[in-house]
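Taking it in order: structure first as structure tokens, then the write-up.
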Amino acid sequence: MAATKASKEQKYDRQLRLWGDHGQEALENAHVCLINATATGTEILKNLVLPGIGAFTIVDGHTVSGEDAGNNFFLSNNSIGRNRAQAATELLQELNGDVSGNFVEESPDKLLDNDPEFFHRFTIVIGVQLPESTCLRLGSVLWNASVPFLICKTYGLIGYMRLVVQEHTVIESHPDNALEDLRLDQPFEEFKNHTNSYDLDSMDKKDHSHTPWIIIVAKYLEKWLSEHNDQLPKNYKEKEAFRQTIREGTRKTDGGVPEDEENFEEAIKNVNTALNLTKIPSSIENLFNSEQCNSITSQSSPFWVMLRAVKEFVHDEGKGSLPVRGTIPDMIADSQKFINLQNVYREKAMQDAAAVSKHVECLLRSVGKPPESISEKDIKLFCKNASFLRVVRCRSLAEEYSVDSVNKDEIASYMDNPDSEMVFYLMLRAVDRFYQQHSRYPGVYNYQVEEDINKLKVCVNSLLQEYSLSVNIKDDYIHEFCRYGAAEPHTVSAFLGGSAAQEAIKIISHQFVPFNNTFIYNAMSQTSATFQL
Amino acid sequence: MAEMDEPMVVDGGSGVSFEWGGRWSHIKKFLERPGPFTHPDFEPGTEALTGFRNINVVDMDTIDVSNLNRQFLFRPKDVGRPKAEVAADFINSRVPGCCVVPHFKKIQDLDETFYRQFHIIVCGLDSIVARRWMNGMLLSLLVYEDGVLDPGSIIPLIDGGTEGFKGNARVILPGMTACIDCTLELYPPQINFPMCTIASMPRLPEHCIEYVRILQWPKEQPFGDGVALDGDDPEHIQWVFQRSLERAAEFSITGVTYRLTQGVVKRIIPAVASTNAVIAAACATEVFKLATSAYIPLSNYMVFNDVDGLYTYTFEAERKENCSACRQVPQDLHFQQSSKLQEVLNFLTENASLQMKSPAITATVEGKNKTLYLQSVPSIEQRTRANLSKTLKELGLTDGQELAVADATTPQTVMFRLCFTS
């Protein structure tokens with residue numbers, strides 16, 4: 001309905017400015033599964049329901065305890081004794097009427113026993129406060145079904161997240177400080193023709209001081225090349241000399257005083273970045289060399305088909321370069337000069353995108369797919385972001401946990417500093433071990449704290465031994481983890497709630513870049529770290 | 001604003017029990033058990049922490065539909081109601097025993113007797129000016145005895161802010177650690193386009209929109225004389241949008257959209273639930289630490305960014321040697337006797353460490369308190385405007401003279417000392 005669409009535009013306005021209508025559409029088509037409506041779980045879901053995911057399903061076999069009602073904003077003391085999935089669904093559902101909330105009163109282990117394919121329907125599965133065995137089982141099912149899996153845990157003042165996704169492609173990574181794509185070191189023909197239309201010396205004062213700095217640099221560069229054997233200014237000395245030629249190009253008054261020409265100042269200021277060589281980023285070269293790019297089949301996703309097409313473009317029409325991005329930064333200039341220059345870049349970008357399109361069509365035909373199955377719009381967007389493409393591949397849980405493939409180097413090198421956040425990862429693994437052995441977590445009751453310290457230490461040592469890790473874990477951390485008693489304080493849950501929800505949104509929308517693959521948050525020091533395990 | 005209560009009240013007076021078994025189980029582990037990382041002042045005990053019972057919330061705003069994507073205490077039916085009141089109602093009903101008292105006011109509408117009653121102040125303000133004001137208020141409550149700060153007069157300030165996927169949380173102990181003004185240069189400058197670009201040389205769609213907002217609207221007064229542009233009125237935005245399209249067409253500029261128009265006119269900052277949740281959680285953790293001494297608080301500034309993975313950076317912001325807000329010593333102002341008062345005014349507004357908005361300058365001249373310049377009251381502005389073009393000597397000011405400056409950025413006047421240079 002038109003009314004609903006307009007009111008959604010209003011409601012979601014602040015976030016639409018970040019991920020656009022197409023990002024919002026992806027969210028609204030997503031179905032998220034949350035396992036365990038603990039404080040951490042409901043805080044994560046709150047930050048997914050508010051921005052309007054299509055649907056959620058909470059899987060939880062627990063009944064609400066007094067403890068649950070004490071740390072969870074989405075449970076009340078009236079929920080005590082009721083199924084936790086159902087109770088939480090009610091209070092989460094009322095956050096946003098656009099979202100469809102569902103619940104399954106069942107433990108994930110039971111579902112894995114009886115109906116593992118239950119999980120195949122979800123866009124992403126978020127598992128919270130799960131024991132190791134469940135994580136590994138579920139991890140395996142979701143890996144084989146290519147369903148992204150986000151594991152979250154709040155343990156005392158420590159937050160933990162693990163992302164498990166085989167291959168996640170990102171076209172719109174929205175980099176914070178991207179370099180411009182101006183091609184001043186290898187100007188394309190249309191740009192050369194455009195700069196040739198300028199004769200700086202014969203321009204009147206107003207035009208001269210409102211000529212875009214890009215043109216100025218191009219002109220002076222042309223002169224420099226002709227006087228320096230076609231060699232670009234390379235070192236500081238040469239760049240400074242080049243800047244000087246531009247400085248000398250400023251108009252002077254009759255008395256010989258340089259006029260105030262801001263565009264020339266901009267040109268001088270931008271010389272360094274302007275002279276950056278046009279290069280294909282190594283990350284993109286790596287993608288070009290990957291298996292998925294080189295063997296395009298009918299199963300290949302549009303990302304890989306388009307990437308292959310760009311690769312072919314690079315070797316053909318692109319003459320070794322990516323398609324021109326087509327954007328220029330704002331600069332001192334009169335409107336017409338700026339717009340004309342902008343159009344030169346825009347038209348070249350369109351041309352390049354059209355050439356890439358032809359390659360896309362060929363590739364699609366070669367694998368028996370209709371050429372329209374990838375739209376012009378998508379190809380243009382891809383070309384515009386060609387320098388910023390990202391692919392995130394996380395190792396499976398099985399790889400992380402297996403003795404044969406554990407990332408010993410990563411763990412050991414971080415543990416060179418015994419207070420590194422890595423120690424918390426190892427402690428979390430150790431308490432998981434404790435749980436496996438004793439069917440409970442250490443230090444839950446006051447009387448257990450002291451005696452569990454030694455038991456936990458045994459788990460720590462057996463873990464280190466099993467993985468042949470010669471690292472030292474200070475006793476203080478073992479004591480602290482017994483002290484935590486597997487508590488799930490609300491403020492730490494809420495921090496993870498925001499963090500995890502945004503990672504889930506990145507996975508769903510394919511915009512911005514997810515972490516890879518283990519995140520640790522330490523609320524004691526308000527620090528964090530990301531490891532690739 | 002959180003105030004710690006005495007040991008728990010089980011019966012709220014109406015027969016309703018605020019307790020149930022296990023309610024504080026998660027929190028108790030941090031209050032009752034000793035540990036290797038606790039604050040040196042921490043004493044484990046079984047005196048019940050009953051959660052933050054008495055909380056006051058101050059907010060001058062009413063709820064807008066665009067708040068609903070992230071402000072989870074508000075519902076569509078609440079649109080138009082005061083935020084402070086709706087938030088208080090919601091929490092009081094969801095969290096038994098919690099008593100949130102709302103104040104539908106500007107923070108500046110409350111005075112030191114109000115702020116003095118709190119143990120901790122937490123801010124989620126939407127402007128630097130407001131932050132500086134609160135900072136100044138808490139600094140004004142500090143008590144110095146023989147030049148020594150009385151720690152009992154310190155009210156910690158926890159400040160959080162977000163923009164899109166970026167945020168920061170900081171802990172300020174007024175008079176002891178870096179204050180808001182100490183780190184003013186950390187904040188990025190506001191972008192305002194040059195007038196000549198807007199007036200005669202637009203290149204971007206934003207320039208076209210600013211042209212309509214700044215030049216065309218005042219000229220055409222489309223909704224009546226004296227009717228100011230209201231960014232919240234869709235009809236106003238629609239008008240600006242249409243005129244911006246026309247302006248853009250004149251210069252062959254593409255990209256003017258309704259969304260962009262609204263964004264430029266209202267200076268909208270994108271916002272999502274997740275970043276706010278992270279920063280709010282970090283702030284709440286610090287409130288907990290300060291209130292219970294369970295751990296050493298954040299020292300003292302954390303930044304967060306989850307555009308690419310998740311990134312945090314935690315550092316100790318340092319107090320500025322000559323901070324105009326938190327240092328007890330009057331700041332020196334170096335000018336020539338022949339400098340005009342206008343130059344002093346310019347310095348106060350343009351200097352990166354001061355960044356005053358509309359300073360009012362007074363001085364004691366020949367035993368009498370004299371207002372040299374004040375902009376915010378039209379009659380006084382008219383009367384004192386001539387002083388701006390007079391020299392400091394002509395105004396009767398002497399070397400070493402103290403100037404008192406008042407400004408929106410601080411509740412207290414800031415003292416400066418004039419130092420004449422040759």
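The values are calculated or read from the model by the stated rules, or taken from the named source; none is laboratory data. All of these numbers come straight from a predicted model, not from anything done at the bench. FYI the Cβ positions are ideal-geometry reconstructions off the backbone, even for glycines, and counts take in every protein chain you see. Surface accessibility is based on the protein's heavy atoms, side chains included, excluding ligands, DNA and RNA. Shrake-Rupley method; radii C 1.70, N 1.55, O 1.52, S 1.80 Å.
Tabulated data
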{"item": "Filtered residues of the range A:140-154 (kept if buried (at least 23 other Cβ atoms within 10 Å of the Cβ) and either more than 21 Å from the chain's Cα centre (by Cα) or modelled with pLDDT under 95 (or both))", "result": "A:Thr154"}
{"item": "Those residues of the range A:288-346 which are in contact (Cβ under 8 Å) with a residue 12 or more places away in the chain, within 13 Å of chain B (Cβ to nearest Cβ) and over 26 Å from the mean Cα position of the chain (by Cα), in sequence order", "result": "A:Met331, A:Ile332, A:Ala333, A:Asp334, A:Lys337, A:Phe338, A:Asn340, A:Leu341, A:Gln342, A:Arg346"}
{"item": "Helices (runs of 4 or more DSSP H) within the range B:139-258 that include 1 or more residues open to solvent by 40 Å² or more (accessible area, probe 1.4 Å) and of a type in the set (D, E, K, R)", "result": "B:205-211, B:217-220, B:234-250"}
{"item": "Hits in the range A:165-181 (condition: within 16 Å of A:Val147 (Cβ to Cβ) and open to solvent by 50 Å² or more (accessible area, probe 1.4 Å))", "result": "A:Gln166, A:Glu167"}
{"item": "Residues of the range A:472-492 that turn out to be more than 7 Å from every other protein chain (Cβ to nearest Cβ) and open to solvent by 10 Å² or more (accessible area, probe 1.4 Å), as a count", "result": "7"}
{"item": "From A:Ile280, A:Ile216, A:Ile268, residue being surrounded by 14 or more Cβ atoms within 10 Å (Cβ to Cβ) and within 30 Å of A:Ser375 (Cβ to Cβ)", "result": "A:Ile280"}
{"item": "Check on A:Leu496, open to solvent by less than 10 Å² (accessible area, probe 1.4 Å) and at pLDDT 95 or above", "result": "yes"}
{"item": "Enumeration of residues in the range A:28-50 that are within 18 Å of B:Ser66 (Cα to Cα) and in contact (Cβ under 8 Å) with a residue 60 or more places away in the chain", "result": "A:Glu28, A:Lys46, A:Asn47, A:Leu48"}
{"item": "Members of the range B:336-352 that are in contact with a Ser or Thr (Cβ under 7 Å, 6 or more places away or on another chain) and surrounded by 12 or more Cβ atoms within 10 Å (Cβ to Cβ)", "result": "B:Gln336, B:Gln337, B:Ser339, B:Lys340, B:Gln342"}
{"item": "Helices (runs of 4 or more DSSP H) (entirely within the range A:1-120) containing at least 1 residues that are surrounded by 17 or more Cβ atoms within 10 Å (Cβ to Cβ) and within 13 Å of chain B (Cβ to nearest Cβ)", "result": "A:2-11, A:13-28, A:39-49, A:66-71, A:84-93"}
{"item": "Selection from the range A:117-146 of residues that are in contact with a strand residue (DSSP E or B) (Cβ under 7 Å, 6 or more places away or on another chain) and within 15 Å of A:Phe56 (Cα to Cα)", "result": "A:Phe119, A:Arg121, A:Phe122, A:Thr123, A:Ile124, A:Val125, A:Ile126, A:Gly127, A:Val128"}
{"item": "Criterion violated by A:Met306 - all others in (1) touching a helix residue (DSSP H, G or I) at 6+ places or on another chain (Cβ under 9 Å); (2) within 30 Å of B:Cys196 (Cβ to Cβ) satisfied", "result": "(2)"}
{"item": "In the range B:90-120, the residues that are within 25 Å of B:Thr292 (Cα to Cα), touching a residue at least 40 places away in the same chain (Cβ under 8 Å), of a type outside the set (Phe, Trp, Tyr) and open to solvent by less than 70 Å² (accessible area, probe 1.4 Å)", "result": "B:Val95, B:Pro96, B:Gly97, B:Cys98, B:Cys99, B:Val100, B:Val101, B:Pro102, B:Ile120"}
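Yes or no, residue by residue, for (1) closer than 24 Å to A:Asn276 by Cβ; (2) assigned to a helix (DSSP H, G or I); (3) at pLDDT below 95:
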{"position": "A:Pro187", "(1), (2), (3)": "yes, no, no"}
{"position": "A:His194", "(1), (2), (3)": "yes, yes, no"}
{"position": "A:His208", "(1), (2), (3)": "no, yes, no"}
{"position": "A:Ile215", "(1), (2), (3)": "yes, yes, no"}
{"position": "A:Lys219", "(1), (2), (3)": "yes, yes, no"}
{"position": "A:Glu222", "(1), (2), (3)": "yes, yes, no"}
{"position": "A:Ser226", "(1), (2), (3)": "yes, yes, no"}
